[in-house]
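Read the structure below first, then the notes.
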Amino acid sequence: MTLRLGDIAPDFTQESTEGPIHFHQWAGSNWVVLFSHPADFTPVCTTELGYTAKLKDQFARRNVKALAVSVDPLDSHQRWVADIEETQDVKLNFPILADPDRKVATLYDMIHPNALANLTVRTVFVIDPDKKVRLTLTYPASTGRNFHEILRVIDSLQLTDEHKVATPANWQDGDEVVIVPSLTDADEIARRFPKGYRAVRPYLRLTPQPNR
């Protein structure tokens, strides 16, 4: 199946390095970053998993859980974890799903035969507390993911869910944001954005980030 933005992320039960994961139950009221890896003991994946572990506090501050998946079996994952911890100088602090039956890979359309015949491509899903898919990213096998971009998108999603704004190109937390065009009532604008705004065009109104 092809998952689109706004779809409910499929539920599943699968073994992991931290025991069985009943996905929706495990996710609870958290955001989730679910990301796939072509195989265990691969160099780029090793760096990605190590870096994700180092982002533990950044994820926690945003109420985010990380969950990796590879089609290799659990005993392979457990050996790989030792390699990750030694080579990346970190303690792995999130589960890796064992998906040898490709149940999760199939549910989330992570196998692209024209890229990798039997392995998962580097897909990222950001899933919100309502279990809706809010972001999908797919990288080629040769390119490691930019986790700072993933955090940036989560910051944007959480901000724009709470306020009637959007984030412009290259936005970083603390930058100006865009008042959504659908908001036209002057009194509501004044109430929502007491720091004021500047209208570059009638449809392009920039205001200081409202939660700062």
Give the range 118-171 a look and list any residue that's small (Gly, Ala, Ser) and closer than 21 Å to Glu48 by Cβ, or say none. Ala141, Ser142, Gly144
Residue in the range 85-99 that is surrounded by the most Cβ atoms within 10 Å (Cβ to Cβ), counting only those that are more than 18 Å from Asp11 (Cα to Cα) and among the hydrophobic types (A, V, I, L, M, F, W, C): Leu92
Mind listing whichever residues of the range 80-105 are modelled with pLDDT of 95 or more and not aliphatic (A, V, I, L, M)? Trp80, Asp83, Glu85, Glu86, Thr87, Gln88, Asp89, Lys91, Asn93, Phe94, Pro95
Given the conditions (1) more than 30 Å from Gln14 (Cα to Cα); (2) among the charged types (D, E, K, R); (3) assigned to a strand (DSSP E or B), and given that Asp173 satisfies all but one, which numbered condition is not satisfied? (3)
Note on the range 180-194: residues surrounded by fewer than 15 Cβ atoms within 10 Å (Cβ to Cβ) and under 19 Å from Asp155 (Cβ atoms) are Val180
For Pro113, which of the numbered conditions (1) surrounded by 14 or more Cβ atoms within 10 Å (Cβ to Cβ); (2) at pLDDT below 90 fails to hold? (1)
When you look at Asn63, is it within 23 Å of Lys132 (Cα to Cα) and surrounded by fewer than 16 Cβ atoms within 10 Å (Cβ to Cβ), yes or no? yes
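Answer yes or no as to whether Glu15 is acidic (Asp, Glu), crowded, with 16+ Cβ neighbours inside 10 Å and within 16 Å of the chain's Cα centre (by Cα).
Working: acidic (Asp, Glu): yes; crowded, with 16+ Cβ neighbours inside 10 Å: yes; within 16 Å of the chain's Cα centre (by Cα): no.
No.
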The range 127-150 - residue that is under 9 Å from the mean Cα position of the chain (by Cα) and more than 24 Å from Ile179 (Cβ to Cβ) and, of those, surrounded by the most Cβ atoms within 10 Å (Cβ to Cβ): Ile127
Spot the failing condition for Glu48; the list is (1) surrounded by fewer than 19 Cβ atoms within 10 Å (Cβ to Cβ); (2) under 24 Å from His148 (Cα atoms); (3) touching a residue at least 40 places away in the same chain (Cβ under 8 Å), and only one is missed. (1)
When Tyr108 is evaluated against the numbered criteria (1) buried (at least 17 other Cβ atoms within 10 Å of the Cβ); (2) at pLDDT below 90; (3) of a type in the set (Ser, Thr, Tyr), which criterion, by number, is the only one it fails? (2)
Failed condition for Phe193, given (1) aromatic (Phe, Trp, Tyr); (2) at pLDDT 95 or above; (3) within 24 Å of the chain's Cα centre (by Cα), with all others met? (3)
Output for the range 27-41, where each listed residue is out of contact with any Ser or Thr (no Cβ under 9 Å at 6 or more places or on another chain) and under 18 Å from Ser70 (Cα atoms): Val32
Criterion first (surrounded by 15 or more Cβ atoms within 10 Å (Cβ to Cβ), on the phi < 0 side of the Ramachandran plot and more than 19 Å from the chain's Cα centre (by Cα)) does Trp31 satisfy it? no
Report, by residue number, each residue of the range 195-212 that is out of contact with any strand residue (DSSP E or B) (no Cβ under 6 Å at 6 or more places or on another chain), under 17 Å from Leu159 (Cβ atoms) and touching a residue at least 24 places away in the same chain (Cβ under 8 Å). Pro208, Pro210, Asn211, Arg212
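The values are calculated or read from the model by the stated rules, or taken from the named source; none is laboratory data. From a predicted model like this one, the values you see are computed outputs, not experimental measurements. As a convention, Cβ positions derive from the backbone with ideal geometry for all residues, glycine included, and neighbour counts pool all protein chains shown.
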